[in-house]
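The values are calculated or read from the model by the stated rules, or taken from the named source; none is laboratory data. Since the model is a prediction, treat every value here as computed from it, not as a measurement. Positions of Cβ are backbone-derived with ideal geometry, glycine not excepted, and every protein chain shown enters the neighbour counts. Just so you know, the surface numbers come from the protein's heavy atoms only, side chains and all, with ligands and any DNA or RNA stripped out. Shrake-Rupley method; radii C 1.70, N 1.55, O 1.52, S 1.80 Å.
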Amino acid sequence: VMLAAGNTPLELYRLIGERRLPLAHLNIFALDEYVGVPREEPRNCANLIHRIAVEPWGVPAGQYFCVSSLEPEAFASVRAHEQRIVEAGGLDVLI
């Protein structure tokens, strides 16, 4: 599953968490990140998704993948992220 950060989907993620569905089998990939935002910043996309979706959904931390927000690491991090998605079987598009 690829999750976007930002205000729009947060309520949906919260509602999914409240349902206590068996989601521990999921691999979650962050869709986006703000380059230049410190890693420890709570509003960093990776931290936001972890707090709002990964933890409440019961997904193990080792099954959550995000990109670095640090500018010197950004490009290589995106490349590695893309490779992890391929290795996990890719993404299916649901319309």
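Quick notes on this one:
- For region 23-95, size of Cβ-based charge dipole, Lys and Arg +1, Asp and Glu -1, in debye: 120
- Cα gyration tensor, the chain - rounded (a/c under 1.5), prolate or oblate: oblate
- Helix 7-18 vs. the chain, principal-axis angle (Cα, 0 to 90°, nearest 10): 40
- Percent carbon-and-sulfur accessible area, the chain, ignoring ligands, DNA and RNA, probe 1.4 Å: 59
- Solvent exposure of the chain as accessible area per residue, Å², 1.4 Å probe: 66
- Fluctuation leader among Leu23, Leu31, Leu48 - the chain, Gaussian network, Cα springs under 10 angstrom: Leu23
- The listed residues Asp92, Asp32 rank as Asp92, Asp32 when sorted by accessible area, largest first, using a 1.4 Å probe.
- Structure-based [θ]222 nm, the chain - -39500 (n - 2.57) summed over DSSP H runs of at least 4, per residue, nearest 500: -11000 deg cm²/dmol
- Rounded to 10°, Cα long-axis angle of helix 71-87 versus longest principal axis of the chain: 50
- A Förster distance of 35 Å, applied to the separation of the beta-carbon atoms of Val35 and Asp92, puts the FRET efficiency at 0.80.
- Close amide H contacts of Cys66 (hydrogens built in the peptide plane, cut-off under 5 Å, sequence separation of 5 or more or a different chain): Ala30.
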